[in-house]
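As structure tokens, the structure follows; a few thoughts come after it.
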Amino acid sequence: MSKEDSMSKMGTTPVNKLMLTMGIPMILSMVLQAVYNIVDSAFVSNMAENGEAALNALTLAFPVQMLMVAIGIGTGVGTNALLAKSLGQGNKEKASRVAGNAVFLAFIIYIVFLLFGIGGVDAYINTQTSNPLIKEMAVDYLSICCIASFGIVFFSIFEKLLQATGRSHLSTIGQVGGAITNIILDPILIYGWLGLPEMGVKGAAYATVIGQVVSMLLDLIFHLIYNKEITNGLKYMKPDGKLIKGIYAIGFPAIIAQALMSLMTYGLNIILGTISEAAVTAYGLYYKIQQFILFAAFGLRDAITPIVSFNHGMQSKSRVSAGIKYGMMYTLVIMFAGLIVIEIFANPFASVFGLSGETQDLCVSAMRVVSISFVFAGANIAFQGVFQALDSGVESLVLSLCRQLIFVIPVAWGFAKVVNNTSIDNIWMVWMTFPIAEIITVIIACIFMKRIRKNKIEVLEG
């Protein structure tokens, strides 16, 4: 499809159809990212020995893995926007330098996580547990993931280079290839199949990073073969302060929004650790399960933003309003469906991961209570996409802060104190933190939306 055809469709295709045709591939892409986060947990939890301890260890490592993705994706988002704009202007030289600088930044990001993997993992894990078995497993797993993080970092960049040139189907192939590799290698390396030694959580880590490297290599090959608009070479990787500033002017809010998820999970690991290790394990598993639903909403949000933004630029009040209407409607349908699935299948989901006794009960209770927040979370995620499209990035950031930090960590800490002073049966109070945070945030979002609609939508000419 030519650029002109694509632009025409953005302005003429019925918005409800456009939202689906753009949103479904993005939803698939985001859901595939969630696969990486849960496959390892599914296999290590069913280890013959210490399965729940291993699951707890992966939960403690998870915030850093989320941070890797946050920085990689944020850098990629900025690269994507700047690269697409340069190509739209017909400036292939600048586009090549943007791509080269993105690769340079990937090297820097990788070096930071490499150094952390060598010297910082032990101290980080110590802040969350004193259990020597869990600590050893968590350090082993996270060290491998950090030292070999070049796969996920460079994949995040090459994925966005392909998307910027309209070849998102190729980046999805890369994601699928890596996810399948991870799924195949997990039982082989964890359990010691095919004559290989039983490696436990180390095997899970190796399966993860190998899968990430496969995704990276596939996207690199696709980039080199198909992205003919971009010229590659060392000279294009020369750091350019202006281009790097341009990348992060766009990408930094995306990094912050994703990094808040990492910070929230880290804080909750510490808070729940004051109640019991089982609570940490239960929350960590539930969080990974719910990501399939939340990431689907994120994918649709990433379709809402360009549709609303494009038609706002066209001064089309009706299409902007339709973009908001259908974006919100489809997001709420996804989240309501997710709510129903979680409520119905809470017990089977928990049993799949080999949980038993207290840990299983805690995980099921988390599913029952936290999933109440899904519909409100969906509305907040859709509002964030709308705000970004209408150049209201501050409002979008405020929503992220509210729903993932301001109304979560202090409230969860207070409820955890109550649980510790009474009974673990009252842990439902901690899980209620999430519905409370999402409901308060959606009220704030509606107030923002009312002002934004008056100032940026009602003033449109047509």
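The values are calculated or read from the model by the stated rules, or taken from the named source; none is laboratory data. What you are looking at is a predicted structure, and each value in this text was computed from that prediction instead of being measured. Cβ: placed from backbone, ideal geometry, glycine included. Neighbour counts: every protein chain shown. For accessibility, only protein heavy atoms count, side chains too; no ligands or nucleic acids. Shrake-Rupley method; radii C 1.70, N 1.55, O 1.52, S 1.80 Å.
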Inset, instruction - For segment 224-237, indicate whether the set of residues that are among the acidic types (D, E) and not in a helix (DSSP H, G or I) is non-empty. - result: yes
Inset, instruction - Can you tell me which residue among F353, F407, F383, F376 is modelled with pLDDT of 90 or more, over 19 Å from the mean Cα position of the chain (by Cα) and closer than 27 Å to F298 by Cα? - result: F407
Legend entry - Considering residues of segment 190-204 that are touching a helix residue (DSSP H, G or I) at 6+ places or on another chain (Cβ under 7 Å) and open to solvent by 20 Å² or more (accessible area, probe 1.4 Å) only, the residue nearest to L82 (Cα to Cα): K202
Inset, instruction - From A279, A257, grab the single residue that is of a type outside the set (D, E), part of a helix (DSSP H, G or I) and either over 30 Å from A297 (Cα atoms) or at pLDDT below 90 (or both). - result: A257
Legend entry - Considering residues of segment 434-455 that are of a type in the set (D, E, K, R) and crowded, with 16+ Cβ neighbours inside 10 Å only, the residue nearest to F374 (Cα to Cα): E438
Legend entry - Output for segment 258-291, where each listed residue is of a type in the set (A, V, I, L, M, F, W, C) and either closer than 16 Å to V69 by Cα or free of Cβ contacts under 8 Å to residues at least 24 places away in the same chain (or both): A259, L260, M261, L263, M264
Legend entry - Test: F374 is crowded, with 20+ Cβ neighbours inside 10 Å, among the aromatic types (F, W, Y) and within 22 Å of L28 (Cβ to Cβ): yes
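So, in segment 16-27, of the ones that are under 30 Å from A205 (Cβ atoms) and buried (at least 19 other Cβ atoms within 10 Å of the Cβ), which residue ends up modelled with the lowest pLDDT? Explain how you work it out, then say what you get.
Taking segment 16-27 and keeping what is under 30 Å from A205 (Cβ atoms), we get 25-27.
Pick out the ones that are also buried (at least 19 other Cβ atoms within 10 Å of the Cβ) and you get 26-27.
On the way: M26: 77, I27: 84.
Among them, the one singled out is M26.
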Legend entry - Per-region count, segment 292-318, residues more than 14 Å from L18 (Cβ to Cβ) and of a type outside the set (D, E, K, R): 11
Inset, instruction - Within segment 4-15, count every residue that is open to solvent by 60 Å² or more (accessible area, probe 1.4 Å), at pLDDT 75 or above and either within 17 Å of A164 (Cβ to Cβ) or assigned to a helix (DSSP H, G or I) (or both). - result: 1
Inset, instruction - Please tell me if L332 is part of a helix (DSSP H, G or I), on the phi < 0 side of the Ramachandran plot and open to solvent by 30 Å² or more (accessible area, probe 1.4 Å). - result: yes
Inset, instruction - Of the numbered conditions (1) modelled with pLDDT under 90; (2) closer than 24 Å to V44 by Cβ; (3) touching a Gly at 6+ places or on another chain (Cβ under 9 Å), V176 fails exactly one; give the number of that condition. - result: (3)
Inset, instruction - Being open to solvent by 10 Å² or more (accessible area, probe 1.4 Å) and assigned to a helix (DSSP H, G or I) is the filter; apply it to segment 415-424 and report the residue that is nearest to E343 (Cα to Cα). - result: I424
Legend entry - Candidate set: segment 236-257, residues that are more than 21 Å from M68 (Cβ to Cβ) and among the small types (G, A, S); chosen: the one least open to solvent (accessible area, probe 1.4 Å): G246
Inset, instruction - Check every one of the helices (runs of 4 or more DSSP H) wholly within segment 28-127 and list those with 3 or more residues that are on the phi > 0 side of the Ramachandran plot and crowded, with 21+ Cβ neighbours inside 10 Å. - result: none
Inset, instruction - For segment 412-429, state whether one or more residues are free of Cβ contacts under 8 Å to residues at least 24 places away in the same chain, of a type in the set (D, E) and under 30 Å from G273 (Cα atoms). - result: yes
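Condition check ((1) touching a His at 6+ places or on another chain (Cβ under 6 Å); (2) charged (D, E, K, R); (3) farther than 25 Å from P306 by Cα; (4) buried (at least 24 other Cβ atoms within 10 Å of the Cβ)) across all residues:
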position	(1), (2), (3), (4)
L142	no, no, yes, yes
I147	no, no, yes, no
I157	no, no, no, yes
L161	yes, no, no, yes
Inset, instruction - Take segment 385-414 and flag every residue that is β-branched (V, I, T), open to solvent by less than 10 Å² (accessible area, probe 1.4 Å) and under 20 Å from Y283 (Cβ atoms). - result: V408
Legend entry - Selection status of V320, β-branched (V, I, T) and touching a His at 6+ places or on another chain (Cβ under 9 Å): yes
